[in-house]
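Data block below; observations after.
All of the numbers you see were taken from the coordinates with simple rules; none came from a lab. Here the structure is a predicted model, which is why all the values come from computation and not from measurement. Cβ coordinates were reconstructed from backbone atoms using ideal geometry, including for glycine residues, and neighbour counts include every protein chain displayed.
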Amino acid sequence: MALPNPSAWPSNEATEPNAPQFTWSAIGISTSYLEKLRLLCHSQKELQKAGYVTQPLDATQIESKARCTRCGKRPRRRVSTKPVITDAIKEHKRPKGLTGVHTEEAISEETLSTSTSVLKKKASAPCSYHTGVVSNKAFTCCGKHVSTEGCMEAREHTMPRPDDPLLQEYWQYHPTPSLATQSAPATNRNPVSPGRGSRRQGHKKGRQQQPQQQQQQQQQQQYNNPHPFYAIALDCEMGVSATGDSELIRLTAVDFFSGAVLIDNLVAPSVAMMHYNTRYSGVTARDMREAIKSRTAIFGRDCAREALLRLLGPDTVVVVHGGSNDLSALRWIHPLIIDTYILEGYTGVHRTEGGRSLQNLCKVKLGIAVQVSGPQSRRDDGAGVQTQTQTQRRRKGHDSYEDAMAARELVVHWATRIPDA
């Protein structure tokens, strides 16, 4: 199976895979090993329980994702404020916690206090928003810090229409297309949005200018991939958009067997950002500007997903750690997933000491240190891992390449426990 040439290393100083601080396990491709990987894949029920989206969202589910166009908040669902004790009186039952001859007075006071508290909450929670933009960590409209409440108020939230095409496009999830539909036209699957420049204009104009069948044929040619990779390891980094949603800012995918880097690029968001969550993502605003300037960034989540789908098919095994957020950031649905966080839950009643974080699992199961800066060491665990100590540069946040390879190494550890057929 031919492997693609590794792309130029991104400008955000990711840890190069051939750097000497770690010696990752070498894995040979075989039918028996592929069967082991498939045995480790999770059922749809397990994935749903872990927070994965396994079916495209319907109109009601997408509508529930909508945020106010002014303040960016999701309105709370209305909950009945009628006290429980009122229902008890109607059913001629004695309310619990109320004794003596003054029961009716107590009920009235309870109802009054409940109504008063509800009114106070409603009065103190209008739509609060800013009309300016953020500059030097302050809003231009009022000069206040970005963390302050809005300087303008409205009695009600301004919500987009339920059938807003931008809302539908932003929140729709896309399944991995089958190889058959990639080589022949099909009208019964959910098409993946094609790459485009302006997100706001491309959605509307693209639908008007091209017939549906012609648009699908172009997408199928774009994803024509007769030789997908058998398995990949994936990790994403996310920031926070201006509306408060998690937004993809870096995508890393490696071939599970060879460890070759398939994708490792920053992803320039197509929406305004609040921050890049640098403490955990390791991505700064400067990194993003440099990646965009040098044209090493992938422009938009849809293009990032398209680049990934060119490498795999529905039979490709995807290895992640706590990957529900990663696939959600990609708006992607895939059937064959090995999540090392879920795998560790198979240990039964004996909980893993220290928790199931990637850092702790690598320390406890493999004897290696990840997601840290400074001297790194790797001990021999008897599974082909060599002892090696190197000094790693200090960095901010996580390294998505290191995280993807660490999840891969945990799966190798699990696969060695499955006897050969």
Pairwise Cα inverse-distance average, inverted: Kirkwood Rh of segment 269-334 (Å): 13.7
Local net charge near His42, Cβ-Cβ under 10 Å (Lys/Arg +1, Asp/Glu -1): 0
Per-residue Cβ neighbour rank within 10 angstrom, fewest leading, Asp164, Asp255: Asp164, Asp255
Interchain or long-range residues, amide H under 5 Å from Trp332's placed H: His174
Computed FRET value (nearest 0.05) for Lys73 with Val372, which takes r as the C-beta separation and R₀ as 45 Å: 0.80
In order through segment 127-143: 3J(HN,Hα) via Karplus (6.51 cos²θ - 1.76 cosθ + 1.60), integer Hz, x for Gly, Pro: 6, 10, 8, 10, 9, x, 10, 8, 9, 6, 6, 9, 7, 6, 6, 10, x
Amide H contacts of Ile298 (H built 1.01 Å from N, under 5 Å, at least 5 apart or other chain): Leu266, Val267, Ala268
Karplus-derived 3J(HN,Hα), 6.51/-1.76/1.60, for each residue of segment 40-49, Hz, glycine and proline x: 7, 5, 9, 6, 4, 5, 5, 5, 4, 5
Amide H contacts of Ile368 (H built 1.01 Å from N, under 5 Å, at least 5 apart or other chain): Lys363
Footprinting exposure proxy for Ile338, Ile418, Ile27, Ile263 (fewest neighbouring C-beta atoms within 10 Å first): Ile418, Ile27, Ile263, Ile338
From phi via Karplus (6.51, -1.76, 1.60), per-residue ³J(HN,Hα) for segment 411-419 in Hz, x at Gly/Pro: 5, 4, 4, 5, 5, 5, 7, 8, x
Listed residue pairs exceeding 26 Å between alpha carbons, taken from Lys73/Lys144; Lys45/Lys73; Lys65/Lys293; Lys73/Lys137: Lys45/Lys73; Lys65/Lys293
Point-to-point label distance, Lys45-Arg289, nm (Cα→Cβ direction, 7 Å offset): 5.3
